[in-house]
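Chemist: Questions regarding the structure given below will be posed in turn.
Quick note: the coordinates plus some simple rules give every number you see, no bench work behind them. Please read these numbers as outputs of a predicted model, since none were measured by experiment. Glycine also receives a Cβ, built like all others from the backbone with ideal geometry; neighbour counts cover every protein chain displayed.
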């Protein structure tokens with residue numbers, strides 16, 4: 001039997017982060033897709049921004065003017081959505097996740113500056129260390145949920161939803177009409193998470209198909 005992984009939902013007050021400040025100044029919605037280390041204290045945030053009629057130029061200039069932001073790169077996705085990479089120094093939240101050993105699956109912001117993190121971890125101690133680190137830095141947080149990842153009903157529902165969307169959007173067509181990155185953006189999760197979910201889901205579908213035919217799998 002394999003080791004149990006845990007998934008958690010943690011709501012964190014990051015109103016003083018560049019994301020919180022941006023949302024106070026502009027009517028945009030921001031979802032964090034991924035974060036990676038930048039130098040010793042900084043991070044690069046990969047985010048999806050729903051513009052809500054805000055111009056790209058105003059968004060870019062607003063973020064660049066925020067203290068601690070090193071650089072901003074913007075790529076337009078559609079008429080009201082962009083993908084941004086933001087390099088920032090001193091981001092307690094994102095840096096804390098990286099150092100905790102937890103995996104950030106998605107992060108969605110709210111209008112009051114709080115961000116809801118969905119996390120995967122090998123053991124509960126990693127989450128405890130993350131919360132402790134946030135508390136040490138005076139960052140308010142609330143644990144909303146923690147449960148084993150191998151909850152079969154929850155995992156199956158998620159797999160079905162992603163596989164159904166992949167099928168409807170043409171992921172299985174030749175040539176493909178949608179790729180892993182586009183699917184990841186639709187579900188606000190990493191490309192690695194989409195790939196793993198599709199792989200596991202497809203394996204179950206194939207196993208069920210051959211079991212239904214009464215054939216043994218070696």
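Chemist: Using a Förster distance of 41 angstrom, determine the FRET efficiency expected from the C-beta separation of residue 78 and residue 123, and round it to 0.05.
Modeler: 0.55
Chemist: Another question about this same structure. Could you calculate the contour length gain from residue 85 to residue 25, that is, 0.36 nm times the residue separation minus the distance between their Cα atoms, to one decimal place in nm?
Modeler: Residue separation times 0.36 nm, minus the Cα-Cα distance, leaves 19.7 nm.
Chemist: With the Cα gyration tensor of the chain giving a ≥ b ≥ c as the square roots of its eigenvalues, does the rule (a/c under 1.5 for rounded; else a/b larger than b/c for prolate; else oblate) give rounded, prolate or oblate?
Modeler: oblate
Chemist: Round to the nearest 10 and give me the degree value, 0 to 90, for the angle of helix 191-212's Cα axis relative to the longest principal axis of the chain.
Modeler: So the helix axis and the longest Cα principal axis differ by about 10 degrees.
Chemist: Now for a separate question. Specify the angular offset, from 0 to 90 degrees and rounded to the nearest 10, of the alpha carbon long axis of helix 152-169 from the longest principal axis of the alpha carbons in the chain.
Modeler: For 152-169 against the chain, the angle is about 80 degrees.
Chemist: What full-extension length gain, to one decimal in nm, is calculated for residue 110 and residue 169 as 0.36 nm per residue of separation minus the Cα-Cα distance?
Modeler: Taking 0.36 nm per residue and subtracting the Cα distance, the gain is 18.4 nm.
Chemist: So if I take the centroid of the Cα atoms in the range 116-146 and the same for the range 22-81, what is the distance between those two points in Å?
Modeler: Going from one Cα centre to the other spans 24 Å.
Chemist: In degrees between 0 and 90, to the nearest 10, how far off the longest principal axis of the chain does helix 124-136 point, with axes built from Cα atoms?
Modeler: 10 degrees
Chemist: Set the Förster distance to 25 Å, then compute FRET efficiency between residue 142 and residue 98 from the Cβ-Cβ distance, nearest 0.05.
Modeler: Working: r = 21 Å, r/R0 = 0.84.
That gives a FRET efficiency of 0.75.
Chemist: Shifting gears a bit: Each label point is 7 Å from the Cα along the Cα-to-Cβ direction; what then is the distance between the points at residue 11 and residue 50, in nm?
Modeler: Result for the modelled spin labels: 1.8 nm.
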